[in-house]
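Working notes for the structure below.
The values are calculated or read from the model by the stated rules, or taken from the named source; none is laboratory data. It should be emphasised that the depicted structure is a prediction, and the values quoted were computed from it without experimental measurement. Note that we place each Cβ from the backbone using ideal geometry, even for glycine, and neighbour counts take in every protein chain shown. Each accessible area value is taken on the protein alone, full model and side chains, heavy atoms only, with ligands, DNA and RNA left out. Shrake-Rupley method; radii C 1.70, N 1.55, O 1.52, S 1.80 Å.
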Amino acid sequence: MEKKRNNTLFLVEVAVFSALAYLLDLVSGLLSLKIWPQGGSISIAMVPIFIMSFRWGVKGGILSGFLLGLLQFILGFSQIYTLLQGIIDYAIAFSVVGLAGIFASQLKASLSHNNRKKWVTFVLLGTFLGSALRYLAHVISGIVFFGEYAPEGQPAAVYSLLYNGTYMLPSFIVCAIIVILVITAAPKKMI
């Protein structure tokens, strides 16, 4: 009975946090004023994915991230030019954010021992890993599918690294701060 209840709780939380991530991304996309012509925005959409990653581990994070990418695709809040580009920029890019869950057990152990320095370190490591992997997916997509937008004489790889870095670095910083604040405010047994 307990296992069935945990599975139901897991599925409900995945659904709710994926929807929340979509809504946060939708709002940040509207507020970004279309600064990035080939897509991208400074967004806190990764926050719910990170929380699911730290709460449920890699499985919860990857599933939440994948559903976010799927929601963006289905509901039309995406810039998809080819199927492969869409898969890389949405399904893969948001799924790999969930790999932050690699640090879930260490984070939970640090929280249970009231070791703030340690758990903050694991949050930073997890949010950095998830953000860096998402950044890498967008960079690869940028090189392959958006290299034509690079200024004349600039290699597509340099253009993609810079272009995607302009929104991914701030997104990482903002998301890391928010996740730390959420975990600080949440009851210990919530994570």
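Some points to look at:
- For the residues Val47, Val97, Val58, the requirement of being modelled with pLDDT of 95 or more, within 22 Å of Trp119 (Cα to Cα) and surrounded by fewer than 19 Cβ atoms within 10 Å (Cβ to Cβ) singles out Val58.
- Scanning region 111-128 for residues that are buried (at least 18 other Cβ atoms within 10 Å of the Cβ) and over 17 Å from Ile42 (Cα atoms) yields Leu111, Trp119, Phe122, Val123, Gly126.
- Condition check for Leu111: on the phi < 0 side of the Ramachandran plot, touching a residue at least 60 places away in the same chain (Cβ under 8 Å) and in contact with a Lys or Arg (Cβ under 7 Å, 6 or more places away or on another chain): yes
- Residue match in region 134-144 (condition: within 11 Å of the chain's Cα centre (by Cα) and closer than 25 Å to Asn164 by Cα): yes
- Index of the failed condition, Gly165 passing every other in (1) open to solvent by less than 30 Å² (accessible area, probe 1.4 Å); (2) farther than 22 Å from Lys59 by Cβ; (3) touching a residue at least 40 places away in the same chain (Cβ under 8 Å): (3)
- Residues in region 113-150 that are hydroxyl-bearing (Ser, Thr, Tyr) and modelled with pLDDT of 95 or more: Thr121, Thr127, Ser131, Tyr135, Ser141.
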